[in-house]
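Undergrad: The structure follows.
The values are calculated or read from the model by the stated rules, or taken from the named source; none is laboratory data. Note that the structure is predicted; figures quoted are calculated from it, not measured. Positions of Cβ are generated from backbone atoms using ideal geometry, with glycine treated the same way; all protein chains shown enter the neighbour counts. In case anyone asks, the SASA skips ligands and DNA or RNA and just uses the protein heavy atoms, side chains included. Shrake-Rupley method; radii C 1.70, N 1.55, O 1.52, S 1.80 Å.
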Amino acid sequence: MKMEEIDLLSVRSFWGNTSLMHAFSPSRGASGGILAIWDPNCISHKRTFISNWFIAIEAIWTNSGLEVLFIVVYAPQAADCKRQLWNDITQIISYFPGECIIMGDFNEIRDESERLGSTFYPTHAHSLNDFIDHLDLVDVPLGGPRFTWSDKWGSKFSKLDRFLVTEGIFSSFPHLTGLDLEKKIPDHRLILLLDHCVDYGPTPFRVFHSWFEMAGFDDIVRDSWMQSMNGVVLDNPWVIFKKKLQLLKSNLRKWNNNSRDLAATKKKSIQDSIESIDSRLMSDDGSATLREQRVSLLKELADLDHSSQLDIFQKAKIQWNIEGDENSVYFHGIINRKRRQIAIRGLMIDGAWIDNPVRIKEEFHAYYQALFSESRECRPLTGANHFSTLSTDQIYFL
């Protein structure tokens, strides 16, 4: 639809109520225009930039006070015009101190898997990927159907619509996700950005490598394993084994929390001591003994940092190029990005997008139950007499 101007009544009909502000970029040639609408009660508008191919809105999120630059994009078809668009947006974002959300029709794909039935041009995709990588943007995964656009004959499909956000957006909205809505008459699907938390219950228990180097770990494991079951008499050895593991997990959680608190207190004390020594050394009131004490404190501080680095390394699952490299911001960024990539926000079940945690777990259970099931009903028993057993000497040796 070609749009050269738009009246407030039409804008209200799109929005549904009278609490609104809007910005409009008219049509260019055969392409439609861009209309951005927002609620002033939620977003405090500062200023607006209107271009041929995008609308940029500087605003403050009222609830959190977060400065956000919203950019609504309708990219042109020509490759050179798209490159100019990426450059224009890059310049605007580089001068903005807050976070950024870019949304709309980018008229381009990122890789060959985002197109079906038409030719893939790697150079065009490379231009868009360079733009995303240069600004360190995150392409928010879209739940629902794989493609957002199709021709009227249903012979060509592409993912042209997306949300690109800066990393800081996830600090305020950690469960941010995108969703493809149902397609009706238009050739594009509507896309929705929402902060939706899917609760699958308690997090799984993990053992960190750093625990094996900490004092008291062996003792807590030994004491937990030898601890009685509070007078409960159980005949099934597997149930006893399960109960012991549950008790061990509970005791390890408490031990780990106490160890972290003690480590944080000790680290603060060491840092204060080093600061005090540095003040004395800078006033020429130091001695060789004081310098030796400083070196010893620095070693203790390095040991404490090494323990926390091991945990970050294990979570991030990447290799350090240099042993002992301290770049925790980078590693935390890797961890958060990995969590977003593997997070399951929902499932496509019989053509419908399902985000109910109970239903999702049922589907996973049914899938793996069918995958690992077999037609034979007779299974060997663990209590059979034909299994080999350890001798008394072997048991004593173990």
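Undergrad: Roughly what % antiparallel, to the nearest 5, for the DSSP beta bridges in the chain? Don't jump to the answer; show the numbers that get you there.
TA: On the way: 41 of 50 bridges.
Taking every DSSP beta bridge with both residues in the chain, the antiparallel ones total about 80 percent.
Undergrad: Which value, in Å², gives the accessible area per residue of segment 57-188 when a 1.4 Å probe is used on the protein heavy atoms?
TA: Numbers: 6450 Å² over 132 residues.
That works out to 49 Å² for each residue.
Undergrad: Mind listing the long-range amide H neighbours of Leu66? Cut-off is under 5 Å, sequence gap 5 or more, other chains count too, H placed in the peptide plane at 1.01 Å from N.
TA: For Leu66, the qualifying residues are Trp61.
Undergrad: OK, next. Within a Cβ distance under 10 Å of Thr166, other residues only, what is the Lys/Arg minus Asp/Glu net charge?
TA: -3
Undergrad: Lys and Arg at +1, Asp and Glu at -1: add these up for the other residues within a Cβ distance under 12 Å of Thr119 and post the number.
TA: Net charge in that neighbourhood comes out at +1.
Undergrad: Here is the link list: Lys249/Lys299; Lys159/Lys338; Lys159/Lys183; Lys254/Lys315. Which ones come out longer than 24 Å on Cα distance?
TA: Numbers: Lys249/Lys299 31 Å; Lys159/Lys338 22 Å; Lys159/Lys183 13 Å; Lys254/Lys315 20 Å.
The pairs that break the limit, which is 24 Å between Cα atoms, are Lys249/Lys299.
Undergrad: Please figure out what share of the DSSP beta bridges in segment 1-115 is antiparallel and state it in percent, rounded to the nearest 5.
TA: Beta bridges within segment 1-115, antiparallel portion: roughly 75 percent.
Undergrad: Charges at C-beta only: +1 for Lys and Arg, -1 for Asp and Glu. How large is the resulting dipole of the chain about its Cα centre, in Debye rounded to 20?
TA: The dipole magnitude comes to about 1020 debye.
Undergrad: Would you work out if the chain is rounded, prolate or oblate? Take a ≥ b ≥ c from the square roots of the eigenvalues of the alpha-carbon gyration tensor; rounded if a/c is under 1.5, else prolate when a/b is larger than b/c, oblate otherwise.
TA: oblate
Undergrad: Per the 1.4 Å probe, what fraction of the accessible area of the chain, in percent, lies on carbon and sulfur atoms?
TA: Carbon and sulfur together cover 54 percent of it.
Undergrad: Next up: Under 5 Å between amide hydrogens, which residues at least 5 positions from Arg28 or on another chain qualify, with H placed 1.01 Å from N in the peptide plane?
TA: Distant-sequence amide H within range of Arg28: zero hits.
Undergrad: Can you run phi through the Karplus equation (6.51, -1.76, 1.60; θ = phi - 60°) for segment 290-300 and list ³J(HN,Hα) in whole Hz, with x for Gly and Pro?
TA: Those phi angles translate into 5, 5, 4, 5, 5, 4, 5, 5, 5, 5, 4 Hz.
Undergrad: Would you work out if segment 168-281 is rounded, prolate or oblate? Take a ≥ b ≥ c from the square roots of the eigenvalues of the alpha-carbon gyration tensor; rounded if a/c is under 1.5, else prolate when a/b is larger than b/c, oblate otherwise.
TA: The shape class here is oblate.
Undergrad: Going toward the positive end of the dipole of the chain, with +1 on Lys and Arg Cβ and -1 on Asp and Glu Cβ, which of Phe387, Phe163, Ser19 do you reach last?
TA: The residue sitting farthest along the positive end of the dipole is Phe387.
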